[in-house]
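**Student:** Can you keep this structure in mind? I'll have questions shortly.
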Amino acid sequence: MQVLLQVLTLFLLMLCGFGAVKGKMMDQKGIAGLNTLVLNFAQPCLILSSMQRDRSPELIRDLLLVFVCTCVIIGVSGIIASRLFRKEEPKRRSVLTNLAMVSNCGFMGYPVIEAALGKEAVIYAALYVAAFNLMSWTLGAYYYGGKQAMRPSQLLKNPSLLAVVCGMVLFLTGWRLPGFINDGMSMMGSTTTPLAMFVIGSRLVGLKREHLTDRPLLTACGMRLLVFPLCVLLLALTPMPKMVVSALYLCTAMPCAALTAMMSELYDADRSLASRGVALSSALSMLTVPLMLLLI
């Protein structure tokens, strides 16, 4: 019950973002600034500070397991989604496939993982997000435009992924950053949760009642929020460590990735559909995520 209340607190922060934009206290330019702050500064600092932990063979094994399993989960999800939406016209099909395939594990995953599993679990989320970025710019891009659309070079421009690489170096070598640097990163990283949830809430303003009549879009959201996470939860029946399963499950249960909207513009797909999918799944997650937590 305590974990559920913590996650409900996160959704209250989402409502604050919604209210700020709806009440015209902040415009989209201000929200874009907060988004940049989270992605380029707060989130990388959270990752770096959380990955400075004492290594052990068990933890190294678990992190490798998270990375490999995430690639498999996203890959299988993409294959299923592409088959499910194969009759849609190309610009819709690519967006619907990506909406169903990848979750908002980075932006929303970190706050929920920290609230539900504790700060020590953030390192698992970091490896999930690293695999998410790899699969998004390879398989995800492939669904937009074939092999020529795949852009693994984009990985070099991702601050969070670079933070994971640096964090893994610190984790594996046992090196530690000076105390005053760690203190600064910890302070900046602590802003990730409230700012990320605030930004996600601001995206709900664009929701309209007619969005609920797009059946393929609702199907993509249902696959993303319910079907794929419940399939991942079946891993609990295997000898896999509980923390690994819980991290994979919760990261998979997050709403559609905000990256889908950006990639739809990059590849000239259905931008409106992508934005609606991110907003609608974020709104629906206020119902599904608390329910999913009850299954852990």
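Just so you know, all these numbers are worked out from the coordinates, no wet-lab data involved. All values reported here derive from a predicted model rather than from experimental measurement. With ideal geometry, Cβ positions are generated from the backbone for all residues, glycine too; neighbour counts draw on all protein chains shown.
**Student:** State, to one decimal in nm, how far the label point of residue 166 lies from the label point of residue 89, with both points 7 Å from Cα in the Cβ direction.
**Tutor:** Computed distance between label sites residue 166 and residue 89 equals 4.5 nm.
**Student:** While we're here: In Å, what Rg and Dmax follow from the Cα atoms of the chain?
**Tutor:** 18.1, 56
**Student:** Right, next: Can you sort 214, 268 from fewest to most other Cβ atoms within 10 Å of each residue's own Cβ?
**Tutor:** Ordered from fewest to most neighbouring Cβ atoms within 10 Å, 214, 268 come out as 268, 214.
**Student:** Could you work out the relative contact order of region 2-293? I mean the mean sequence separation of Cα pairs under 8 Å and 6+ apart, divided by the number of residues, in percent.
**Tutor:** Rounded, it is 33 percent for region 2-293.
**Student:** Using only the Cα atoms, work out Rg/Rh for region 69-224, with Rh taken as the Kirkwood radius, to two decimals.
**Tutor:** Looking at region 69-224, the ratio lands at 1.02.
**Student:** Which of the residue pairs 22/91; 22/208; 24/208 have a Cα-Cα distance greater than 20 Å in the structure shown?
**Tutor:** Over 20 Å apart, Cα to Cα: 22/91.
**Student:** Treat every Asp and Glu Cβ in region 2-293 as -1 and every Lys and Arg Cβ as +1, leave all other atoms uncharged, and give the resulting dipole magnitude about the Cα centre to the nearest 20 debye.
**Tutor:** For region 2-293, the charge dipole is close to 620 debye.
**Student:** Moving on to the next point. Quickly rank 137-148, 254-265, 221-232, 277-288 as a protection proxy: mean count of other C-beta atoms within 10 Å, highest first.
**Tutor:** Ranking the peptides 137-148, 254-265, 221-232, 277-288 by packing returns 254-265, 277-288, 221-232, 137-148.
**Student:** For the chain, what does the helix formula give at 222 nm: sum of -39500 (n - 2.57) over DSSP H segments with n ≥ 4, over the residue count, nearest 500 deg cm²/dmol?
**Tutor:** So the calculated ellipticity at 222 nm is -21000 deg cm²/dmol.
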